[in-house]
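First up is the structure itself, then whatever we jot down about it.
The values are calculated or read from the model by the stated rules, or taken from the named source; none is laboratory data. No experiment lies behind these values; they were computed from the predicted model shown. Here the Cβ is made from the backbone with ideal geometry for all residues, glycine too, and neighbour counts use every protein chain on show.
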Amino acid sequence: MGVRRTRLHSVLREHAEAEGAVLRWGSRVTAIEKRHAFIACEPIAFRYLLGADGSSSTIRRWAGLERGSYKGSRLGFRRQYSIAPWSDCVEVHWGPQCQLYITPIGSDRICIALLTRRTDLRLDQALKFFPEVAARLGSGSPIGLPRGANSVFRRLNRVVKENIALVGDASGSVDAITGEGMCLSFRQATALAEALSKDRLQEYQEAHSRIRSAPDRIAWLLLKMDRSELVCRRALQALSRRPEFFTSLLALHVGEPSRAVLAGAMCSLGWSLLTA
């Protein structure tokens, strides 16, 4: 599903305020004690402190939860174009050490995102690797300037310490190639709310590990494809010949299949790669 970030932000804000949350825009947490956070030097008492402050989380650093495995990062760029979408689906195009994502976000607008491990590649330059997409964009106009950010693949040893918990990118992230960023945040938030309602924060730690399990495996697999043109070509050929493999992998991605079904699909796909 494609939606503009500004619209999603508004919906989240409206729901938070409807539930009674007090939002302090432009305020910064300047210090944390065991039961108090200082916001603009004003002490605010808390029962729980939840760090949802992104991949460079200050809460994570203050809580001493930085330890974990860092599996690398890539560059991400995105830009919107004024053109009617040619599909109602998100498209993913593979190129040399990069992928291009096309998302319809309105009747007359699309968003194009680039993910790459190449530090010298930018969105406009990458379009030469995708002539079909470039041709479709011929009648469209770019909107605004390109935006960029790092796509980090990082897993933390722990996301809970006493009465502090991390959620979203603050609690670790998978490479954006999985498309799982927002989905992971929402699933983690649901699990965290359930743990808080029981006053059992450790249950969130366990749920967080389960939620990350499948996306981690898929990210590892896709990044292996990204590093080898031969593996990528053979994998895409195998998936096009046996689309049920792709269905199984997609089901894994959203946590549906049994281990036996998954094992069978992975073995069959591995054999197809070897014999392609």
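Odds and ends about this structure:
- Which listed residue is at pLDDT 95 or above, among the hydrophobic types (A, V, I, L, M, F, W, C), surrounded by 15 or more Cβ atoms within 10 Å (Cβ to Cβ) and under 27 Å from Phe186 (Cβ atoms), from Val152, Val159: Val159
- When Ala214 is tested against (1) outside any helix (DSSP H, G or I); (2) in contact with a helix residue (DSSP H, G or I) (Cβ under 7 Å, 6 or more places away or on another chain), just one condition goes unmet, and that condition is (1).
- Test for Leu65: is it under 30 Å from Ile32 (Cβ atoms), buried (at least 16 other Cβ atoms within 10 Å of the Cβ) and not hydroxyl-bearing (Ser, Thr, Tyr): yes
- Residues in region 78-102 that are part of a loop (DSSP other than H, G, I, E, B) and not hydroxyl-bearing (Ser, Thr, Tyr): Ile83, Ala84, Pro85, Trp86, Asp88, Cys89, Val90, Pro96, Gln97.
- With respect to the conditions (1) at pLDDT below 65; (2) part of a helix (DSSP H, G or I); (3) surrounded by fewer than 19 Cβ atoms within 10 Å (Cβ to Cβ), Glu256 falls short on a single one, namely (2).
- Residue within region 103-122 that is charged (D, E, K, R) and in a strand (DSSP E or B) present: yes
- Tabulated pairs, region 166-191, first touching a residue at least 12 places away in the same chain (Cβ under 8 Å) and not assigned by TED's automatic domain parsing to the domain that holds Gln97, second acidic (Asp, Glu) and surrounded by fewer than 19 Cβ atoms within 10 Å (Cβ to Cβ), C-beta under 6 angstrom, 6+ apart or interchain: Ala170/Asp53
- Search result, residues across region 170-210 that are within 30 Å of His93 (Cα to Cα) and of a type in the set (Lys, Arg): Arg187, Arg210
- The single condition from (1) over 29 Å from Met225 (Cβ atoms); (2) in a strand (DSSP E or B) that Gly138 fails is (2).
- Residue selected from region 173-185 under the condition outside any strand (DSSP E or B) and either at pLDDT 95 or above or among the polar types (S, T, N, Q) (or both), by the criterion surrounded by the most Cβ atoms within 10 Å (Cβ to Cβ): Thr178
- Boolean, Ser248 is surrounded by fewer than 14 Cβ atoms within 10 Å (Cβ to Cβ), at pLDDT below 90 and out of contact with any Cys (no Cβ under 6 Å at 6 or more places or on another chain): no
- Residue that is part of a helix (DSSP H, G or I), crowded, with 17+ Cβ neighbours inside 10 Å, modelled with pLDDT of 95 or more and over 16 Å from the mean Cα position of the chain (by Cα), where the choices are Ala170, Ala165, Ala193, Ala207: Ala207
- Per the conditions (1) within 29 Å of Ala251 (Cβ to Cβ); (2) free of Cβ contacts under 8 Å to residues at least 40 places away in the same chain, the sole criterion not satisfied by Phe129 is (1).
- So Leu123, is it free of Cβ contacts under 8 Å to residues at least 40 places away in the same chain, out of contact with any His (no Cβ under 7 Å at 6 or more places or on another chain), more than 30 Å from Leu192 (Cβ to Cβ) and surrounded by 12 or more Cβ atoms within 10 Å (Cβ to Cβ): no
- Taking first residues from region 200-219 that are over 21 Å from Leu250 (Cα atoms) and not assigned by TED's automatic domain parsing to the domain that holds Val167 and partners that are among the hydrophobic types (A, V, I, L, M, F, W, C) and modelled with pLDDT of 90 or more, no Cβ contact under 7 Å between residues at least 6 apart in sequence or on separate chains turns up.
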